[in-house]
Structures are given as C-alpha cells and as structure tokens.
Amino acid sequence: LIVIQEESYASRYRAEHLKEQLLHEGIVADVIEVVELKGRLARQYAWTVLYRCQDQPKIRYWIREAHRIGHKVWYAVDDLVFDYETVRRLDFAQTREYRGFEKVCTKIQTCMNACDGVLVSTEALKRELQQRNGHIPVTVQRNVASYEMIALSQEAYQEKNRQKEEVVLGYFS
C-alpha cells in the first residue's frame, strides 16, 4: 500500500510511478490518501510506503498495527521537507504559503522516524538521511517516467517537424 498525505504534482511521480514500477516487477499495489486509511486494512498489505505523510493519530495507529502483525512500513521523501533548519533559509519558505512550515517539517520527521526505512529520490538525499539517522535503512528509488509519459514522448518524437533545426529540451521535475 502506498499512502500519500494528499494528492499533488509530486505524488504522481513518487506514488503512482512507484506503483507502476512495482507492477512491472509483478507486485500489485494500491495508492490512497491518508483520509482513506482504515486500520483494519493493514492485514491486506505485506508492507506500506508513506509518501510525505505527517504524524497524526491515523498514521500512528496504522504504523502500530502494521508492526504488530509483522509488516514493514517505509517512508518516501524526495526533498528536505523534514529539515526546517535548512529549508527555512530558502526564499520560498519566507512566503505566506509556507507559514507554519516548521510544524509540518516536525510532523514529517516524527512520522519518518517511526518507520522501518526510507525511500529517497537521490544519492545526496540518502547521504543526508544516513548522516542524521544512521540506524534507519535508506534506499534510493529514483524518479522515472511512466509508461504513459514514454508513449506520449515517442508519439511526439514521431510527429515532430524534422525540417526545423531547433533543439527542444524537456524538463522532468
């Protein structure tokens, strides 16, 4: 089971694309938001990935229940949203939208610390987490293009005007 705090642009490539990667390996997964989480479902899943979830009663209960029945819970994160001391100095953190972000970072850190391991998107993030929490296993699970993105890219490539001498770059954030 892959649980996301809330659906966002980032949850697509960190949750939906992970689901697709798992299916490619023969593992069926579901993606749900925290609000859909029901403790009794824990037995239906061999393990759980929590993507950017924050500490809250529903999550704490899920982690306890999963551990009680011997299932693993991993945390997935793709940037320093758990480290307010670093991100508070960045320009975006000064905006009105990020008022109260310190509390969010703390809740993310608490939730992550309750898990059995962490999935990260880059080697740099892996090193950062290993320096802070050497006792928690950290694995790199890179961002990837989905099958749909690959198909659309191939279609666009075949339809492109080969007469033009311009270079078009795509950015996958």
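In table form, for the structure just shown:
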| item | result |
| --- | --- |
| (1) 1.37; (2) 2.58; (3) 1.18, with the label sought being that of the calculated Cα Rg over 2.2 N^0.38 Å | (3) |
| Compactness index (Cα Rg / 2.2 N^0.38 Å), the range 108-152 | 1.45 |
| Gaussian network model of the chain, Cα within-10 Å springs - most flexible of S153, S11, S121 | S153 |
| Unit charges at the beta carbon, dipole of the chain: most positive-side option, Y75, G134, V168 | G134 |
| Highest average packing first - 22-32, 135-145, Cβ atoms within 10 Å | 135-145, 22-32 |
| Solvent-accessible surface (1.4 angstrom probe) belonging to E148, in square angstrom, nearest 10 | 110 Å² |
| Relative contact order %, the chain, counting alpha carbon pairs below 8 Å whose residues are six or more apart | 20 percent |
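The values are calculated or read from the model by the stated rules, or taken from the named source; none is laboratory data. Just so you know, these numbers come straight off a predicted model, no measurement behind them. We place every Cβ from the backbone using ideal geometry, glycine too, and count neighbours over all the protein chains shown. Side chains included, ligands, DNA and RNA excluded: accessible areas come from the protein's heavy atoms. Shrake-Rupley method; radii C 1.70, N 1.55, O 1.52, S 1.80 Å.
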